[in-house]
Each structure stands twice: as structure tokens, then as C-alpha cells.
1. Rule-of-thumb check for the stretch 73-188: C-alpha Rg over 2.2 N^0.38 Å?
2. Starting from the Cα of residue 92, step 7 Å along the direction of its Cβ; do the same at residue 172; then give the gap between the two resulting points in nm.
3. Calculate what fraction, in whole %, of the accessible area of the chain sits on carbon and sulfur atoms when a 1.4 Å probe is rolled over the protein chains.
4. Please build a GNM for the chain, connecting alpha carbons under 10 Å apart, and tell me which residue among 91, 40, 175 fluctuates the most.
5. Build a GNM of the chain with springs between Cα atoms under 10 Å: which of 154, 55, 36 gets the top mean-square fluctuation?
6. Work out the length of the dipole vector of the chain about its Cα centre, built from +1 on the beta-carbon of each Lys and Arg and -1 on the beta-carbon of each Asp and Glu, and round it to the nearest 20 debye.
7. Counting C-alpha atoms alone, how compact is the stretch 34-134: give Rg to one decimal and Dmax as a whole number, in angstrom.
8. Which residues make up the longest stretch of the chain clear of GluC sites (Glu not before Pro) that lie in a DSSP loop with no more than 14 other Cβ atoms within 10 Å, not counting the sites?
Amino acid sequence: MVTRAEAAPKPRPRWLDFLIGQGLALGSAFAFAGLVGSILILGYHENPLDVFRTVWVFSTSEPSDIARVLSYATPLIFAGLAVAVAFKAGLFNIGVEGQYIVGMATGAAVALSLDSFPRVLLVPLVIIGAMLGSMAFAAIPAILKVKTGAHEVVTTIMLNGIAISLVAWMLRNPLKSSEKGLIDLRTD
């Protein structure tokens, strides 16, 4: 005779529930993005399947295409992670764009000022410099939040404009290239 305890089904392992939940979330995100993208594409009177096929072919045909996609996606991924970390702490970091471009500019400043260093040392120093520049710029709304109670959404959005102006000034003054004959975005 089978008792009730023996007949009860075994519960699924927690890791399996986690994988199922994450798979459903990922599938839902892809479906939602595909739906919104299709609506936008239809607004331009194009066939969404043709557009998606073209994007797939041109982004995966050669290894350099995949590398290009990853080089464009990496900053977006890190920006998303920065927003997620702040959100997990109960804050809204809308100023990731400004922090990102200030980090790029400080990384460029470190690279230009330490150009004589060996490349093995220069790359980590540039990364550390970019991180410190971004952190210093992100500290402004953090200090304003703690000291004055200013809302981080307002201060970070306003600092995005300041970051653009600051980086434009840096590119036109201390980071400006003096070499002639080169195509350089930092020139007048």
C-alpha cells in the first residue's frame, strides 16, 4: 500500500525554477522588443521580417561583424548594469550617460598624459582613470542627495548636460590634438 508521503510528487529544485523563470523573462523581453520593433518598422512601411533578417545577416556574417556588434553593445551593457546597481539600492541613476562620457574623457586624458608608459601598464591605468573620473562625476549627485536631499533623478539629468559641456571643453582645449594632416574629431 502506498502512503500519502510516498505518493506526493517531488518538488522541483530551486535552480530549475530559477532557470525557468529567467528563460520566461528572457523570452518575454525578446517578444516585447520584437513586437515594438515590428510596429516601428511597419510605421516606415517596411516588412519587419526582411529588416530582422538583414540585421541578422549583416551582424553575423563575418567575425569582424560580431566584434563590431560587441563593441557597440558593451557600453550599453555597462550602462544598464550601472542603472541596475543604483536601482537595487533604491535610487534612480538617470545620469549614466554623463558619467560614461566623463569617464571616456578622463580615460583619454590619462592615455594622452601617460603616452610614454609601456602599453602593459597604460591600459590598466587608462581603465582606472576612466573609472575614477566616472566615480567622481557620480559622486556629485550622491553628495547632493545626502547633504541636501536633492532628488537624484533631477540632479543626474541636469548633470548629463554639464557632462556634455565639460567633455566638449576638454576636447577643444586640453585634449586637442596639435598634429596637422590627420582626421581628428578634436580639431576645430
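The values are calculated or read from the model by the stated rules, or taken from the named source; none is laboratory data. Since the model is a prediction, treat every value here as computed from it, not as a measurement. Don't worry about glycine lacking a Cβ; one is built from the backbone with ideal geometry, like all the others, and counts go over all protein chains shown. Remember, those area values only see protein heavy atoms, side chains included, never the ligands or the DNA or RNA. Shrake-Rupley method; radii C 1.70, N 1.55, O 1.52, S 1.80 Å.
1. After normalising by residue count via 2.2 N^0.38 Å, the value is 1.18.
2. According to this spin-label approximation, the distance is 3.2 nm.
3. Accessible surface attributable to carbon and sulfur in the chain totals 73 percent.
4. Answer for the Gaussian network model of the chain: 40.
5. Of 154, 55, 36, the Gaussian network model singles out 36 as fluctuating most.
6. Dipole magnitude for the chain comes out near 600 debye.
7. Spelled out, the Cα radius of gyration and Dmax of the stretch 34-134 are 18.8, 54 Å.
8. It works out to 47-178.
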